[in-house]
Amino acid sequence: MTTHISDLGNIPLARPDITESEIEAVAQVLRSDRLSIGPHIELFEQAVAHRASRKHGIGVNSGTSGLHLCVRGMGIGEGDEVITSPFSFIATTNCILFERATPIFVDIDIETYNMDPQAVEAAITPRTKAILPVEAFGNVAHFQAYDRIARKHKLLLIEDCCEALGGSLEGRPAGSFGDCGVFGFYPNKQVTTGEGGVIVTDNDELAEACRSMRNQGRSSENANVFTRLGYNYRLTEVAAALGERQMLRLDDILHQRRLIARMYNEMLAPLDIHLPPCPDIEHASWFAYVIRLPDRFSASQRDKILDHLNARGIAVQAYFPAIHLQPYIQELLGIERGDFPVCECVADRTIVLPFFVGMTPEMILRIVEELKKTLAG
């Protein structure tokens with residue numbers, strides 16, 4: 001029986017890749033008497049740290065929590081400036097504001113969607129304490145440059161690698177750049193724990209501080225002694241068991257996602273659009289598949305395309321909206337539209353297409369054909 005592309009039903013934006021192995025691992029934890037801070041979190045932390053070529057992994061309840069602990073653990077606070085990207089998820093900026101430091105945005109490179117290294121260096125002032133770059137959509141481009149700039153100016157470097165697990169640049173894995181990095185494990189990520197994150201670092205003191213702060217500031221030597229201000233940022237054993245099993249399958253998951261990206265690239269090549277900024281398919285991590293419309297399209301036209309595709313049962317969305325144009329950021333920092341034109345150009349025209357393990361060529365063909373008809377209309 002032949003399947004027509006019109007018969008495929010709704011196609012979601014993302015879908016976690018969960019097998020019976022992960023389900024059984026979670027069930028085993030639920031049958032045990034240890035649901036938090038147990039053996040599975042240690043195994044999961046070790047697996048993620050090993051993948052990033054780091055000494056320490058510290059599991060937390062979200063990537064946002066991990067970034068916050070890195071900022072706080074490295075002594076970044078009021079009066080300090082942190083150079084970061086306006087093209088990211090809002091958590092990248094929030095973790096700086098949590099500690100009353102000042103985010104300093106620099107524009108992105110149109111070819112990679114990561115921060116322009118020249119703009120990063122130009123933004124350094126006597127108040128700059130750290131650089132917090134983001135691997136947009138799993139693209140590790142420029143991270144060696146950020147590392148060199150941080151070392152040259154004796155700045156801290158916190159790598160937001162929440163979207164880049166398994167990616168690499170010239171042999172160096174995501175998570176290995178700078179002083180520390182943070183991976184995220186939300187359900188749309190390559191590997192998921194439902195909610196969760198892992199900090200990776202070679203810094204013994206930072207690792208100890210983050211372990212303490214994630215657990216209310218407890219001492220590692222005495223559970224009844226609290227040595228610092230802390231938070232309830234713990235990752236559960238249930239989540240860690242899920243992540244531990246997912247990490248065993250990471251290479252296969254990445255392989256499947258790269259195959260899907262390659263199919264998209266081939267089918268979309270004839271269209272007048274910009275393909276994702278990841279020309280090195282085999283070394284990007286492929287968190288999402290993000291296209292960009294030509295400059296002649298306005299943001300409102302892009303939004304109409306989104307509405308039409310969603311109405312046709314193909315889940316799509318705009319991603320990322322520019323952080324510096326969010327109302328509270330504009331009010332707080334006095335930033336206006338036009339201050340970061342490349343970011344705005346990209347943010348106004350991006351479309352995230354459905355992307356998950358298990359997509360078939362028929363699904364991708366349907367998405368491409370619907371997009372083609374929508375653009376023509």
Too-long pairs where the Cα-Cα distance tops 30 Å, listed order kept, from LYS55/LYS154; LYS129/LYS304; LYS189/LYS304: LYS129/LYS304
For the chain, built as a Gaussian network whose Cα springs stay under 10 Å, the top-fluctuating residue of PRO86, PRO327, PRO12: PRO327
MRE, 222 nm, helices only [DSSP H, n ≥ 4, -39500 (n - 2.57), over the chain, to nearest 500]: -11500 deg cm²/dmol
Most to least accessible of LYS154, LYS304, LYS129 (protein chains only, probe 1.4 Å): LYS154, LYS304, LYS129
Under 11 Å, Cβ to Cβ, from ILE124 - net charge with Lys/Arg +1 and Asp/Glu -1: +2
Alpha carbon centroid spacing (whole Å) that separates the range 236-277 from the range 133-168: 20 Å
Mean Cα-pair separation over length for the range 283-377, i.e. relative contact order, pairs under 8 Å, 6 or more apart, %: 41 percent
Phi-based couplings in Hz for the range 134-146 (Karplus 6.51, -1.76, 1.60; Gly and Pro marked x): 10, 8, 4, 6, x, 8, 8, 4, 6, 5, 5, 5, 4
In Hz, Karplus ³J(HN,Hα) per residue of the range 119-127 (6.51, -1.76, 1.60; θ = phi - 60°; x = Gly, Pro): 5, 4, 5, 5, 8, 6, 10, x, 8
Value of relative contact order over the chain, rounded to a whole percent, pairs C-alpha under 8 Å and six or more apart: 23 percent
15 Å beta-carbon shell around GLN326, net charge (K/R +1, D/E -1): -4
Residue-by-residue Karplus 3J(HN,Hα) for the range 304-321, coefficients 6.51, -1.76, 1.60, Hz, glycine and proline x: 5, 5, 4, 4, 5, 5, 4, 5, 8, x, 10, 6, 9, 7, 7, 6, 8, x
Nearest-20 debye value, the range 1-124 charge dipole, Cβ charges on Lys, Arg, Asp, Glu: 460 debye
Mean separation of Cα contacts under 8 Å, 6 or more apart, over the residue count of the range 234-345: relative contact order %: 15 percent
Area of ARG51 that stays accessible when all protein chains are in place (1.4 Å probe, Å², to 10): 70 Å²
Dipole magnitude (debye, nearest 20) for the range 123-238, charges at Cβ of Lys, Arg, Asp, Glu: 400 debye
Among ILE23, ILE305, ILE131: highest mean-square fluctuation, GNM of the chain, C-alpha pairs under 10 Å: ILE23
Viscosity 1.306 mPa s, temperature 10 °C, Stokes-Einstein D of the range 37-118 from Kirkwood C-alpha radius, µm²/s: 110 µm²/s
Dipole of the range 254-353 [Lys/Arg +1, Asp/Glu -1 at C-beta], most positive-end residue of VAL290, HIS308, MET263: MET263
Cut-off 13 Å between beta-carbons: net charge of the residues surrounding GLN190, Lys and Arg +1, Asp and Glu -1: +1
Charge dipole magnitude, Cβ of K and R +1, D and E -1 - the range 76-165, Cα centre, debye nearest 20: 400 debye
Accessible surface of the chain [probe 1.4 Å, protein heavy atoms]: carbon and sulfur percent: 50 percent
Average accessible surface area per residue within the chain, 1.4 Å rolling probe, Å²: 43 Å²
Highest-MSF residue in the chain out of VAL200, VAL29, VAL60 [GNM, Cα springs under 10 Å]: VAL29
Which of HIS283, HIS68 is most accessible, then next, and so on - probe 1.4 Å: HIS283, HIS68
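The values are calculated or read from the model by the stated rules, or taken from the named source; none is laboratory data. Model, not experiment: these values are computed from the prediction. All Cβ positions, even for glycine, are placed from backbone atoms using ideal geometry, and neighbour counts span all protein chains on display. What goes into the accessible areas is simple: the full protein's heavy atoms, side chains included, and nothing from ligands, DNA or RNA. Shrake-Rupley method; radii C 1.70, N 1.55, O 1.52, S 1.80 Å.
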